[in-house]
1. Name the long-range amide H neighbours of His14: under 5 Å, sequence gap of 5 or more, or other chain; modelled H, no Pro or chain starts.
2. Can you tell me how much longer the chain between Asn335 and Leu49 gets when fully stretched, taken as 0.36 nm per residue apart minus their C-alpha distance, in nm with one decimal?
3. Given a Förster distance of 41 angstrom, what is the FRET efficiency for Asp219 paired with Glu134, based on the Cβ-Cβ distance and rounded to 0.05?
4. Lone cysteines in the chain, defined as no other cysteine's Cβ under 4.7 Å from theirs: which are they?
5. Any chance you could run the full-extension gain for Ile366 through Val309? It's 0.36 nm times the residue separation minus the Cα-Cα distance, nm to one decimal.
6. How long is the gain from Asp160 to His192 if the chain were fully straight, where each residue apart is worth 0.36 nm and the alpha carbon distance is subtracted?
7. If the cut-off is a Cα-Cα distance under 22 Å, which lysines reach Lys199, setting aside same-chain residues fewer than 8 apart in sequence?
8. Ala302 to Asp374: FRET efficiency via 1/(1 + (r/R0)^6), r the Cβ-Cβ distance, R0 41 Å, to the nearest 0.05?
Amino acid sequence: MRFLFTSESVSEGHPDKICDQISDSILDSALAQDPFSRVAAECFATTGLILVGGEVTTTATLDIQKIVRDKVASIGYTDPAYGLDAASCSVLCALHEQSPDIAQGVNHGQGLFKEHGAGDQGMMFGYACKQTSELMPLPISLAHRLVREVARVRHAGELDYLRPDAKAQVTVEYEGAQPLRVDTVVISAQHHPDASYDKIQKDMIEIVRRIVPSRYLTDETRFLINPTGRFVIGGPHGDTGLTGRKIIVDTYGGWASHGGGAFSGKDSTKVDRSAAYMARYVAKNLVAAELADEVEIQLAYAIGVAEPVSVHVNTRGTAKISEEAMVKLIRNEFNLTPQGMIESLDLRKPVFAQTAAYGHFGRDDIELSWERTDKVESLKKGIVLTVS
């Protein structure tokens, strides 16, 4: 059966991604000083205004004004004409300590390497497949690469008419689970008002041809560049931004399930983040170990309880062993408690701001612990014991 599937990504200058990056920059700043910081930082952005709120319990000293302004400037919002300027925008802060009702279910043994419970209830998903070398679905992988390249040429000054906001959308034609070709590419790139449409179209199509492997491009591939014809007003001046509003961009582009929880601004006692990372780590290692061609893992937790209440595996008919055996193998080979996940993936380090744009999974431009495939040999050895 042939079908089309579409995923999108957005650039670091997209209003929601500005907020994600600020939230994770606050988290990183806290963890750099106090690895046991509890952080749930949210951000709102609109014309000339950044509002930071949420819960932070830490011994760290946080200069919120500096964190926010440095991040906004690094993205490229350094001109009042953009509607958001790092030097002159208003920055408001409404942070307070974590609720003691939440803390009492999580705090047991903090810093003493004893077990502590999940920071919330919920279910989290991880996924991996053989569509790309990074074991990600092709549409989201290509969409991320396109907006990263648009940002790169902007920062490098190669296309000086570009402004920070941008989106990319990629539609791939499949037969079964096999990608055949790219059907449509949409790029919306914010630009200087004097830039000509023809110039923008030519440059963006060149980027597509540079990034998308030629085997996926055909004479029928459509290129839709700034489809409205003009994209001058963008960023928070064109649309308000919020932390956690791009959860499908952050994960698998809609190809796999999502539990609904956002990542950015949350420390790893929040299983929304740590369990989603662990589920990706598990799924990627299972596929890398040739136990299935694609794997979707669901982990579910109850607040204050350490062990997951359920572990579910869906290989969409590609498993080399039974899915029941695979669940046993996962429980034997991976520590799925909050503390186990934090220690296994080294999640007390300040590494999160770099994930807040261009996806948390399948990154080939940065090193992330949950993208390792270091459990392959252990899984292969574990099969014998599990099946027998």
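All of the numbers you see were taken from the coordinates with simple rules; none came from a lab. This structure is a prediction, so every number in the text was calculated from the model and none was measured. Don't worry about glycine lacking a Cβ; one is built from the backbone with ideal geometry, like all the others, and counts go over all protein chains shown.
1. Ala166
2. 98.7 nm
3. 0.90
4. Cys89, Cys93, Cys129
5. Taking Ile366 through Val309 to full extension adds about 17.3 nm, to one decimal.
6. The span from Asp160 to His192 would gain 10.7 nm if fully extended.
7. Lys167
8. 0.90
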